[in-house]
Amino acid sequence: MMYQVTDLHLSLPDMTRKPLVGAAPRIHILKGLTFDVPKGAVLGIVGGSGSGKSTLGRAMLRLLEPTSGQIVFDGTDVSHLIEDQLRPMRRRFQMIFQDPMSSLNPRRRVGGIIAGPLRLHGMETAGKVDDALEMVGLPRSFASRYPHELSGGQRQRVGIARAIALRPDFILADEIVSGLDVSSQAQVLNLLEDLVRELGLTLAFISHDLSVIRRLCSRIIVLDQGKIVEEAPTEALFEAPKASYTRALLQAIPLPDPYQVWD
Amino acid sequence: MRDARAEVRRPIGLRLWLSGGWLSLLALAAIFAPLIAPHDPLAQDLFLGRLPPFWEDGTEPGYVLGTDSLGRDVLSRILYGARLALIVALVAGTLTCLIGATLGLVAGYYRGWCDRIISRFVDIWMAFPPVLFAILLIAVLGPGLISIIIAIVVIDWTRFARVIRAEAMSQGAMDYVASAQVAGRTQFGTMLTEILPNVLPTIVALLTLEMGIAVIVEAILSFVNLSISTDSPTWGGMIAEGRTSVHQAWWVLVFPLITLFLTVLSFSQLGEGLKDRFDPVLR
Ligand SMILES: Nc1ncnc2c1ncn2[C@@H]1O[C@H](COP(=O)(O)OP(=O)(O)OP(=O)(O)O)[C@@H](O)[C@H]1O
Ligand SMILES: [Mg+2]
C-alpha cells in the first residue's frame, strides 16, 4: 500500500473568531477518514466546495498535521513526524497545485523552479531539467523563461515537470485543471495519464468534476463535509451510486444531450 | 504570444538614467571635492562677500555660483556638503533598511509569537512623535554625524518593518511557499530563497526612498542647528544661513535648495527606475 489512512481527524484554529486572550476555537474539518491508496492506483477524490478535499491532500503530504488518526506512507507512519524527519522522505511524495500562477515563484526561471527541488535532495540537475521539460512536452528553451511568460496550460506543465523530476512514488494533484480552458484541460489530463503509465506513479487526483475523474481514476472516494460518504471503483460508482450525495453530484454533470429542447 | 509581450516592454527607463546620472555625479563630486572645489569651503573673505552667480553683474572670476555674506564660495560649499549628505544617505539608509527589513521579514514569514513580539514593539515605538524623538535623542547624544545617523535609524526602521512584514505575509500565503516545503526546503531556506527575492523590489524601493528621507532629515537637523558642528558645510546649514539674507543674496539659499531637491527626487526615482529595469515580473 502506498497510503493507509486510518480514522483521520483534522481541525484547524479559526483565527477569525479568536478571542483576545486564549486559544481560537477549532473548526473540525476532517472527521474520521479511513481509506487506502494501493500502489499504482489512481485515486479520485471528489466532493463539493469546502468538503475538505484540499485539507485531506495537505494532510497526506504532511503540510498539515492530523489532530488524531494515522497516515502511513509506504509502511512509515508519518502522522506526527517533525519536519526534520519528514524532509528526507519528501522527495517521494509530491504535489501539483491548483493555481500554477501562485505555485511557481514569479521571480525564478522555469529551469530554476525545476532544478531547485533536485538540488535539495542532492540529485544532479544537468540532464534532469531537460528530461522533465521534454516529458511534459515543453521545449528546452523554456528553462530560461519566467512563469509569467507562459500560458496557463504551459505553467501547469511546469508544475507537473517539477513534481515528476524528483521521480516520486506518489503525486497529489489538487484541482490541477480547473483553472484551464477545455482544450488545455484535455491536454494536461492526457499528459498526466501518460506519465502515470510511463513512470508507474501512484496518483491521487482531487476534483469536483466527476467527468474528469471518470476518465483518469480507477477508484473514487466521495467526500462530503469532512466525511467519506462513498468509496467505490469508478465504474461501480457511475453505474450504481449508493450515497444520495453521490447521486446529486452525478446529476450535476452536464451531459451532452443532442435532443435537448430549448424552452 | 511571447513576442507580443516583448514588444510592450517599456523603453529603457529615462528616469533610471537621469536619477542615476545625477547621483553618480554627486557621488563623484563628494569623493573628489578637495580636487575639484575651486575654493576652500571654509575660507572667509569679507571683501568678497555676497558675490552674485556668474551671469550677473559684479562677479569675480572663479566664484561661479557666488559667495555668501562671509565671502565663502557657494559651489565649493555645495560640493563639500554633498559628502555629508551622501554619507548620511548611504549609512543611515542601509542600516535602517537592514534592521527594519529583517525584522519585518521574520515577523511576516514566521508569524506566531515572533510576529506578536515584533509587531507590538513596532506599535509602541511608533507611538513616539518622530521629530521630537530625534531632537531629544540628539540632545542626549550631542550633535554630530553619528547622532544624526542613529536618530534616522531609530525613527525610520519601523516603516520598513511594517511594509516588509505585510509583504512577506502575503507572499507567505502563496502556493510556491507550500511548494518549497513539499520539495523539502527548510523554513529559513524558504525565507531566503523564495520570499526574499519577491520582497526585494519593495525593499529596494523603500531603501532609495529612505536615502532621500535621510538627506532631508539631515538638512532639517542642520537647519535647526542640531547637525554637525557649524564648520563643515552642510546643505541644511547653507539653507538656514541663506534664508536670513534671501533678499540681498538669493543664491545662497537657492542653489543648495535646488541641489537638495534634485538629490531627494533622484533617490526616489532611482528606486522606481531600478524596479522597472530589473524586476523580471515587470519586464
Ligand atoms: N486555514 C484554515 N483555517 C480555517 N478553516 C479552514 C482553513 N483551511 C480550510 N478551512 C475550512 O475547511 C473546509 C475545507 O476546506 P478545503 O480547502 O479542504 O475544501 P475543498 O474541498 O478543497 O474545497 P474547494 O473545492 O473549494 O477547493 C472549508 O470549510 C474551509 O473553510
Ligand atoms: Mg481545494
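The values are calculated or read from the model by the stated rules, or taken from the named source; none is laboratory data. Computed from a prediction, not measured in an experiment: that's the story for all the values here. Cβ: placed from backbone, ideal geometry, glycine included. Neighbour counts: every protein chain shown. The accessibility values were calculated without ligands, DNA or RNA, using every heavy atom of the protein model including side chains. Shrake-Rupley method; radii C 1.70, N 1.55, O 1.52, S 1.80 Å.
Here's the yes/no breakdown for (1) away from every other protein chain (no Cβ under 14 Å); (2) within 16 Å of ligand 2 (Cβ to nearest atom); (3) open to solvent by 40 Å² or more (accessible area, probe 1.4 Å); (4) aromatic (Phe, Trp, Tyr):
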residue: A:ALA163; (1), (2), (3), (4): no, no, no, no
residue: A:LEU166; (1), (2), (3), (4): no, no, no, no
residue: A:PHE170; (1), (2), (3), (4): no, no, no, yes
residue: A:ASP174; (1), (2), (3), (4): no, yes, no, no
residue: A:ASP181; (1), (2), (3), (4): yes, no, yes, no
residue: A:LEU195; (1), (2), (3), (4): yes, no, no, no
residue: A:LEU201; (1), (2), (3), (4): yes, no, no, no
Can you tell me which of (1) more than 8 Å from chain B (Cβ to nearest Cβ); (2) in contact with a Gly (Cβ under 9 Å, 6 or more places away or on another chain); (3) open to solvent by 10 Å² or more (accessible area, probe 1.4 Å) is the one A:SER79 doesn't meet?
(3)
The range B:175-207: number of residues that are open to solvent by 10 Å² or more (accessible area, probe 1.4 Å), touching a residue at least 24 places away in the same chain (Cβ under 8 Å) and facing chain A (nearest Cβ under 8 Å)
1
Could you check, for the range A:39-47, whether at least one of its residues is surrounded by fewer than 20 Cβ atoms within 10 Å (Cβ to Cβ), over 13 Å from the mean Cα position of the chain (by Cα) and within 9 Å of ligand 1 (Cβ to nearest atom)?
no
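Could you tell me whether A:GLY50 is within 13 Å of ligand 1 (Cβ to nearest atom) and modelled with pLDDT under 95? Write out each step before concluding.
On the way: within 13 Å of ligand 1 (Cβ to nearest atom): yes; modelled with pLDDT under 95: yes.
Taking the combined requirement at face value, the residue satisfies it.
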Options B:ASP231, B:ASP156: the member that is out of contact with any Phe, Trp or Tyr (no Cβ under 8 Å at 6 or more places or on another chain), away from every other protein chain (no Cβ under 14 Å) and within 24 Å of B:ILE124 (Cβ to Cβ):
B:ASP156
Kindly indicate whether any position in the range A:255-263 is within 16 Å of ligand 1 (Cβ to nearest atom) and either part of a strand (DSSP E or B) or modelled with pLDDT under 90 (or both).
no
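Could you please give the count of residues in the range A:134-149 that are open to solvent by less than 10 Å² (accessible area, probe 1.4 Å) and either more than 10 Å from chain B (Cβ to nearest Cβ) or assigned to a strand (DSSP E or B) (or both)? Outline the logic, then answer.
Start the filter on the range A:134-149 by keeping residues that are open to solvent by less than 10 Å² (accessible area, probe 1.4 Å), which leaves A:136, A:147.
The next check asks that each one be either more than 10 Å from chain B (Cβ to nearest Cβ) or assigned to a strand (DSSP E or B) (or both); those that pass are A:136.
Number satisfying all stated conditions: 1.
Somewhere in the range A:49-72, is a residue in a loop (DSSP other than H, G, I, E, B), within 15 Å of ligand 2 (Cβ to nearest atom), out of contact with any strand residue (DSSP E or B) (no Cβ under 7 Å at 6 or more places or on another chain) and within 14 Å of chain B (Cβ to nearest Cβ)? Don't jump to the end; show me each part of the working.
First, pick out the residues of the range A:49-72 that are in a loop (DSSP other than H, G, I, E, B): A:49-52, A:61-67.
From what's left, within 15 Å of ligand 2 (Cβ to nearest atom): A:49-52, A:61, A:63-64.
Keeping just the survivors that are out of contact with any strand residue (DSSP E or B) (no Cβ under 7 Å at 6 or more places or on another chain) gives A:49-50, A:63.
Restricting the remaining residues to those that are within 14 Å of chain B (Cβ to nearest Cβ) gives A:63.
Yes.
Being touching a residue at least 12 places away in the same chain (Cβ under 8 Å), away from chain A (no Cβ under 14 Å) and open to solvent by 20 Å² or more (accessible area, probe 1.4 Å) is true for just one of B:ILE258, B:ILE220. Which residue is that?
Working: B:ILE258 fails: touching a residue at least 12 places away in the same chain (Cβ under 8 Å).
Unique residue meeting the criteria: B:ILE220.
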If we scan the range B:264-271, do we find a residue that is away from chain A (no Cβ under 14 Å) and open to solvent by 40 Å² or more (accessible area, probe 1.4 Å)?
yes
Would you please list the contacts, defined by Cβ atoms under 9 Å and residues six or more apart or on different chains, that run from a residue in the range A:41-62 that is within 15 Å of A:ASP209 (Cα to Cα) to a residue that is within 9 Å of ligand 2 (Cβ to nearest atom) and assigned to a helix (DSSP H, G or I)?
A:ILE45/A:LYS53; A:ILE45/A:GLY57; A:VAL46/A:LYS53; A:GLY47/A:LYS53
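Quick test for you: out of A:ASP84, A:ASP131, pick the one residue that is open to solvent by 10 Å² or more (accessible area, probe 1.4 Å) and either closer than 21 Å to A:GLY200 by Cβ or outside any helix (DSSP H, G or I) (or both).
Answer to the selection: A:ASP131.
Can you find a residue in the range B:140-160 that is closer than 17 Å to A:MET101 by Cα and open to solvent by less than 60 Å² (accessible area, probe 1.4 Å)?
Residues of the range B:140-160 that are closer than 17 Å to A:MET101 by Cα, as a first pass: none.
There is no residue in the range B:140-160 that is closer than 17 Å to A:MET101 by Cα and open to solvent by less than 60 Å² (accessible area, probe 1.4 Å).
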Enumeration of residues in the range A:87-128 that are open to solvent by 20 Å² or more (accessible area, probe 1.4 Å), outside any loop (DSSP other than H, G, I, E, B), in contact (Cβ under 8 Å) with a residue 24 or more places away in the chain and within 7 Å of chain B (Cβ to nearest Cβ):
A:ARG91
Given (1) over 19 Å from B:ILE213 (Cα atoms); (2) more than 14 Å from every other protein chain (Cβ to nearest Cβ), index of the condition B:ALA161 fails:
(1)
